[in-house]
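Visitor: Structure in structure tokens, see below.
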Amino acid sequence: MKNRSDIGKSAEDYLEAMIILKERNGYIRSIDIAGFLGVTKPSVSNAMKRLREDGYIEMESSGLITVTEKGMQIADKIYTRHKKLTGFFVTLGVDPEVAEEDACKIEHDLSDETFEALCRCIDDYGGANKSKKK
């Protein structure tokens, strides 16, 4: 039973990149997405067209991009997974760069059930560590 959205990994990556760029820069532009994801401007244009047609983003005449509420639900979910998984892997002793890459690989395909169980385990582990330090 898959819990992933129907938009696909690539679209999820674009939406996640957009909220990261919005957080960093205060705005989202196609050129910044291309640089962030390491893809060509035409690839970004094609992706933006699909995301706009499907109601995940809106584009202003100035070129600035806004993620809609529908898009934000997916972007937040993926970005939350990314941060939680990266932090967990780093806690396990994984190099932060490797942890980031590995989180990217699994954040899309992990079922909600497994992710929630992992979060409970992380919270319990973190709680156990905190009580031991006192």
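Values in this text are rule-based calculations from the coordinates and carry no lab data. These numbers were taken from a predicted model, which means no experiment stands behind them. When we count neighbours, we look across all protein chains shown, and the Cβ atoms used for this are built from the backbone with ideal geometry, even at glycine.
Visitor: Net charge around Arg52, counting only other residues with Cβ within less than 13 Å of its Cβ (Lys, Arg = +1; Asp, Glu = -1)? Mind dumping the intermediate values first?
Guide: Details: positive: Lys49, Arg50, Lys70; negative: Glu53, Asp54, Glu58, Glu60.
Neighbourhood net charge equals -1.
Visitor: Can you tell me the order of 62-68, 77-83 when each peptide is scored by its average per-residue count of other Cβ atoms within 10 angstrom, highest first?
Guide: Details: 62-68: 15.1, 77-83: 18.4.
The densest-packed peptide leads the list: 77-83, 62-68.
Visitor: If you don't mind, there's one more thing I want to ask. With θ set to phi - 60°, apply the Karplus curve 6.51 cos²θ - 1.76 cosθ + 1.60 along the range 70-78 and write out the HN-Hα couplings as whole Hz, x wherever there is a Gly or Pro.
Guide: The phi angles translate into 4, x, 5, 4, 6, 4, 4, 4, 5 Hz.
Visitor: A further question on this structure: Once label points are set 7 Å from the Cα along Cα→Cβ at both Asn25 and Thr40, what is their separation, rounded to one decimal in nm?
Guide: So the two model labels end up 2.1 nm from each other.
Visitor: Further, regarding this structure: Between Val94 and residues 5 or more places away or on another chain, which pairs have amide H atoms under 5 Å apart, with H built 1.01 Å from N, and which residues are they?
Guide: none
Visitor: May I ask you to evaluate 6.51 cos²θ - 1.76 cosθ + 1.60, the Karplus curve with θ = phi - 60°, for each residue of the range 80-93 and list the ³J(HN,Hα) values in order in whole Hz, giving x for glycine and proline?
Guide: Karplus-based 3J(HN,Hα) across the range 80-93 equals 4, 4, 4, 5, 5, 5, 4, x, 4, 5, 5, 4, 6, x Hz.
Visitor: Sticking with this structure for a sec: Straight distance only, please: which aspartates and glutamates reach the Cα of Lys49 with their own Cα at less than 20 Å, same-chain residues fewer than 8 apart left out?
Guide: Here the aspartates and glutamates satisfying the reach criterion relative to Lys49 are Asp6, Glu12, Asp13, Glu16, Asp32, Glu58, Glu60, Glu69.
Visitor: Next question. Which three lengths, in whole Å and largest first, does the chain cover when its Cα atoms are put on their principal axes?
Guide: Ordered largest first, the chain gives principal extents of 56, 32, 22 Å.
Visitor: Just want the answer: with Cβ charges of +1 for Lys and Arg and -1 for Asp and Glu, which residue in Met59, Cys121, Ser10 is farthest toward the dipole's positive end in the chain?
Guide: Cys121
Visitor: Past the 22 angstrom mark, what percentage of all C-alpha to C-alpha distances in the range 59-131 do you count?
Guide: Details: 940 of 2628 pairs.
In whole percent, the long-distance tail amounts to 36.
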